[in-house]
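What follows is one structure encoded as structure tokens, with my remarks underneath.
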Amino acid sequence: MHLKARGLETTPKYSYSTDNTVFRAQVPDSDVSWDNAVPDYTPTEYSAPVLARNPVWADPMDPKSITNFNEDPRTSFTGVYGVDADTNRPINPLGRTGMSNRGCLGKWGPNYAADPIVMRRKPSDAKVLQFVAITRSDTGELDIPGGMVDFGENVSATLKREFLEETHNILEQGTDAQIAMEALVSKLFDSPTQQLYRGYVDDPRNTDNSWLETTATLFFDENGDLTKDFAFDAGDDATSVKWCDVEFENEEFKLYASHKDFIEKAVKFIESSEAF
Ligand code: RP5
């Protein structure tokens, strides 16, 4: 019952573009499933202007030329997804979103991301867990520093690259200090603690024909040694980076897309492991 993908948690509700000029059609809970016929369903048809300029990261405007939906590299973690027989548009496996076409996503069908969850115990109070969080520059929300998997890139490379770009502003090897920092991050990322999730993300950019899927991986720095010298410096997609306390009891503890669910999974894993 994706909520963010229906604009239910956007301010104002159903707004899709940051300038609030594009809005989704409203989809009540009862109309989400494609199994329920909704004869008067009229989603907003929207494709961000940048897509018409055919950027390298995006598919062609018309999906009719795409012949490999449901085949590598366009498979879905959710299983086989439908493809409309007339338009050749993939169909969102979680149901209606109130918007058709790609919105601002590049790929028709699944768009793959990777999310690194870097956790430690709070130095001043070991009972409190903390994770590395950024503030997104587009929506202003607190977020895990993940990102899109580049074409042909493996997920573990994306996890490290996105973390370095978003939390240490490292796009390519640069100064000696950056090289030293990259070595520290590599040490942590060379030994993932646990893969927590692979699947659909309730992302506010999803549409009826394009959606986010991710792999969320936990990197738990049990005794704080590997992360103690991290020197954060927000990259282009973030306005700030910090260690954020996990505070499920706090109503204000909200995260972008499905990321709060991933933090819950991480905490459960740590609590259930012998190490805790
Ligand atoms: C979310 O969007 C994924 O979980 C991932 O964190 C993110 C990737 O998009 P950008 O942060 O690169 O915009 O759905």
Selected residue (criterion: farthest from the chain's Cα centre (by Cα)) from residues of the range 212-243 that are closer than 27 Å to K268 by Cβ and polar (S, T, N, Q): N223
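To keep it simple, each residue is scored yes or no on (1) at pLDDT below 95; (2) among the hydroxyl-bearing types (S, T, Y).
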residue: D176; (1), (2): yes, no
residue: A180; (1), (2): yes, no
residue: S186; (1), (2): yes, yes
residue: R198; (1), (2): no, no
residue: T207; (1), (2): no, yes
residue: E213; (1), (2): no, no
Qualifying residues in the range 1-57 (those that are of a type in the set (K, R) and in a helix (DSSP H, G or I)) - the one farthest from N209 (Cα to Cα): R53
Selection count where residues are closer than 14 Å to P204 by Cβ and polar (S, T, N, Q), scope the range 1-43: 6
Some residue of the range 109-124 being within 30 Å of W243 (Cβ to Cβ), free of Cβ contacts under 8 Å to residues at least 24 places away in the same chain and either of a type in the set (S, T, Y) or touching a Phe, Trp or Tyr at 6+ places or on another chain (Cβ under 7 Å) (or both): yes
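Quick check on this structure: which one of R89, R74 is basic (K, R), without any contact (Cβ under 8 Å) to a residue 40 or more places away in the chain and touching a strand residue (DSSP E or B) at 6+ places or on another chain (Cβ under 9 Å)?
None of the other options fit; the residue is R74.
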Residue within the range 126-138 that is within 16 Å of the ligand (Cβ to nearest atom), assigned to a loop (DSSP other than H, G, I, E, B) and closer than 30 Å to E71 by Cα present: no
Residues satisfying the stated conditions in the range 58-71, i.e. in a helix (DSSP H, G or I), surrounded by 10 or more Cβ atoms within 10 Å (Cβ to Cβ) and free of Cβ contacts under 8 Å to residues at least 40 places away in the same chain: K64
Condition met for N209 (farther than 30 Å from P90 by Cβ and either touching a helix residue (DSSP H, G or I) at 6+ places or on another chain (Cβ under 7 Å) or not hydrophobic (A, V, I, L, M, F, W, C) (or both)): no
Filter pass, G152 being small (G, A, S) and farther than 13 Å from D115 by Cα: yes
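The values are calculated or read from the model by the stated rules, or taken from the named source; none is laboratory data. Computed from a prediction, not measured in an experiment: that's the story for all the values here. No Cβ is skipped: glycine too gets one built from the backbone with ideal geometry, and neighbour counts run over all protein chains shown.
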